[in-house]
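The values are calculated or read from the model by the stated rules, or taken from the named source; none is laboratory data. Computed from a prediction, not measured in an experiment: that's the story for all the values here. Cβ placement follows ideal geometry from the backbone for every residue including glycine, while neighbour counts extend to all protein chains displayed. Just the protein is used for accessible areas: all its heavy atoms, side chains included, with ligands, DNA and RNA removed. Shrake-Rupley method; radii C 1.70, N 1.55, O 1.52, S 1.80 Å.
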Amino acid sequence: MYPYKIIVFILMVAFIVSCKENEKVSHSHEVESYNEQFRPQVHFSPPANWMNDPNGMVFFEGEYHLFYQYYPDSTVWGPMHWGHAVSEDLIQWDHLPIALYPDSLGYIFSGSAVIDWDNSSGLGANGQAPMIAIFTHHNMEGEKSNSSTFQYQSIAYSTDKGRTWTKYKSNPVIENPGIRDFRDPKVIWSEEYEKWVMVFAAYDKALFYTSDNLIDWERTGMFGIEGDDRLWECPDLFPIKVEGSNETKWILITSIQQKGPNGGTATSYFVGEFDGSSFIGNSKEQKWLDYGTDNYAFVTWSDIPEEDGRRLGIGWMSNWQYAQVVPTSPWRSAMTMPRELKLFNHDNNYILHSTIVDELNVLREKSILFDQKTYEESKVLIDDLSKDAYELYFKFEIPKKGLINVEISNSTEEELNIGYNVSDQTYFIDRTFAGKDEFSEVFADYHLGEARYEKTNVEMRIIVDRSSIELIADNGRCVMTDIYFPSSPFEKVTIEAEVNEVTLIEGSYTTLRSIW
Ligand code: FRU
């Protein structure tokens, strides 16, 4: 080859490589290093600016997609876009360019995505199954003019693995019949009824629509609680096998805007059946997916391959009571750890257990084991928490009375307490003295997780990050997610045994490496 040809060749290769790199917009130019004071190290957060609900989660060709409610121009809520990230393991994420921008029909509110494998919509191209996003258009002018028809459901499609999107030309696909809160469509394919099924929130209820092609929809059902006037948001609907049996049940998840178990917003669910038209459940049996204050709009991934078969989901790790004023910058909000849901039948009480996905293991570094013994007085287990993210595991004997209390603290006397109260049979996270709280009157508080069931031990798996804690108790039967903002990093982990002695059967500390 002539030298100039070699140079041209090298330049071309360099150009192609740089184009490939640009497909993955890391946004790293916008932020220092993902190392700000409260920046989560093992949780997803946007590089900068405002994020709320997870949206459009779908698995396709080896990638888990995570879209999210995003306002790229500020750290408070504003005109909603769909931000976008992908991961091969649910844990380590690549940021991609914004997927959906507001348009003449409105802001892009929450919704879901599916793969239209048989191209029922006709929106695929070149034999490629399209990825279809189904979302709510929220029209601001409509809202301001006091109309009640400013939210409607629309779709968009992508034939390049979610990299670029085209809005459907005849949006919306579901017009608003006159209901002010009419949003957050989740679409699933029903194998049994061979139909697309959409569930979305209509003020204090869930509505069901079905379709053959994702474009023409027919209203088929409704589910709600008699006398309930709380606002419902972000529902989800899916079948799930009952562990250890051949029985299948249907779950309707719905997030609730007021009066969560510990105040403010929270994610709940019902267990029941689906008859092809509607979810049928016992509306009196509303259960909480998470007793902490910071797991909202939790929904699950679509199109997880059958050979995997897990029901995987993620939630927004904040609460509308204070989400817009928490002291983080230049971003606001993170997602929970991805969770796996399993349904257990405990004496005819069907309970969803949530555990952290096993993929978290990719981050595990060093472990140390705690002494297995009866602690008769308080004992510092670790006094040099060198890492910001780690996992604690404890299996205690149930004390006859009193508390199990693990304290995580710093030298400025800020502390986070996690544990179990024997007389009430509740787990707790107490963030009353855990650091900054002046931004909200309701933030400094303790939270209780109902655990009134028979147990053989008190078992707590705790994922701690720079500004969040997730307690997965009793194999995920009682789960609590809380955020907190210590003025300086926590350094110590202590087993408190002043009030009563506690016996540790098993315990460990494992550091987690940062995903950024
Ligand atoms: C829930 C929610 C959704 C809505 C979105 C707007 O947090 O209020 O109901 O689609 O946020 O950002």
Q.
Less than 16 Å from a label point 7 Å out along the Cα-to-Cβ axis of Asn146: which backbone N atoms in the range 152-184 qualify, by residue?
A. 180
Q | Value of Rg to Rh for the chain (Rh from inverse mean 1/r over Cα pairs, i.e. Kirkwood) | A | 0.99
Q. What is the magnitude of the charge dipole of the range 49-356 about its Cα centre, with +1 placed on the Cβ of each Lys and Arg, -1 on the Cβ of each Asp and Glu, and no other charges, expressed in debye to the nearest 20?
A. 800 debye
Q. Using the per-residue mean of other Cβ atoms lying within 10 Å as a proxy for protection, in what order, highest first, do the peptides 134-142, 447-455 fall?
A. 134-142, 447-455
Q: Under 9 Å from the Cβ of Met460, count the other residues' Cβ atoms, weight Lys and Arg +1, Asp and Glu -1, and hand me the total.
A: 0
Q | Part-to-part distance (alpha-carbon centres) for the range 98-171 and the range 368-415, which is given in Å | A | 48 Å
Q) Rounded to a whole number, what % of the accessible area of the chain do carbon and sulfur atoms account for, probe 1.4 Å? A) 47 percent
**Q.** Dipole moment magnitude, nearest 20 debye, the chain about Cα centre, only Lys, Arg, Asp, Glu C-beta charged
**A.** 840 debye
Q: For the range 294-326 and the range 232-250, compute the distance between their C-alpha centroids and round to whole Å.
A: 16 Å
Q: Mind putting a number on the dipole of the range 67-199 about its Cα centre? Charges go on the C-beta only, +1 for Lys and Arg and -1 for Asp and Glu, and I need it in Debye to the nearest 20.
A: 360 debye
Q: Starting from the amide H of Ile398, placed 1.01 Å from N in the peptide plane, find each other amide H under 5 Å away whose residue is 5 or more places distant or on another chain.
A: Val458
(Q) If I take every Cα pair under 8 Å that is 6 or more residues apart in the chain, average their sequence separation and divide by the length, what percent do I get for the relative contact order? (A) 13 percent
Q: Compute the long axis of helix 3-23 from its Cα atoms, compare it with the longest principal axis of the Cα atoms of the chain, and write down the angle in degrees, 0 to 90, nearest 10.
A: 70 degrees
Q) Toward the positive end of the charge dipole of the chain, about the Cα centre and with charges on Cβ (Lys, Arg +1; Asp, Glu -1), which of Ala129, Ser283, Asn52 goes farthest? A) Ala129
**Q.** Taking the range 362-512 and dividing mean pair separation by its residue count, relative contact order in percent (alpha carbons under 8 Å, at least six apart)
**A.** 44 percent
Q. Which Cα, out of Ser170, Trp82, His95, lies furthest along the positive dipole direction of the chain (beta carbon charges, K/R +1, D/E -1)?
A. Ser170
Q) Tally Lys and Arg at +1 and Asp and Glu at -1 over the other residues with C-beta under 12 Å from the C-beta of Ile505: what net charge comes out? A) -2
Q) Which of the residue pairs Lys401/Lys455; Lys195/Lys287; Lys373/Lys400; Lys455/Lys492; Lys259/Lys287; Lys195/Lys342 have a Cα-Cα distance greater than 19 Å in the structure shown? A) Lys195/Lys287; Lys455/Lys492; Lys195/Lys342
Q) If you stretched the chain out fully between Ser170 and Asp216, how much longer would it get, using 0.36 nm times the residue separation minus the C-alpha to C-alpha distance? A) 15.5 nm
Q) Residues with amide H under 5 Å of Gly264's amide H, sequence separation 5 or more or different chain, H placed in the peptide plane at 1.01 Å from N; which? A) Lys259
**Q.** Signed unit charges on C-beta, dipole axis of the range 226-377, positive-most listed residue Leu369, Thr300, Ile351
**A.** Leu369
Q) Taking R0 as 60 Å, what's the FRET efficiency between Val499 and Val362 from their Cβ-Cβ distance, rounded to 0.05? A) 0.95
Q) Local charge sum around Gln372 (other residues, Cβ-Cβ under 13 Å, Lys/Arg +1, Asp/Glu -1)? A) 0
Q) At what distance in angstrom do the alpha carbon centres of the range 441-515 and the range 179-193 lie from each other? A) 35 Å
Q: Take peptides 282-292, 254-264, 368-378 and line them up by average Cβ neighbours within 10 Å, highest first, as a rough protection proxy.
A: 254-264, 282-292, 368-378
Q: Obtain the nm distance between the two label points defined at Thr456 and Glu413 by a simple spin-label model: each point lies 7 Å from its Cα along the Cα-to-C-beta direction.
A: 4.3 nm
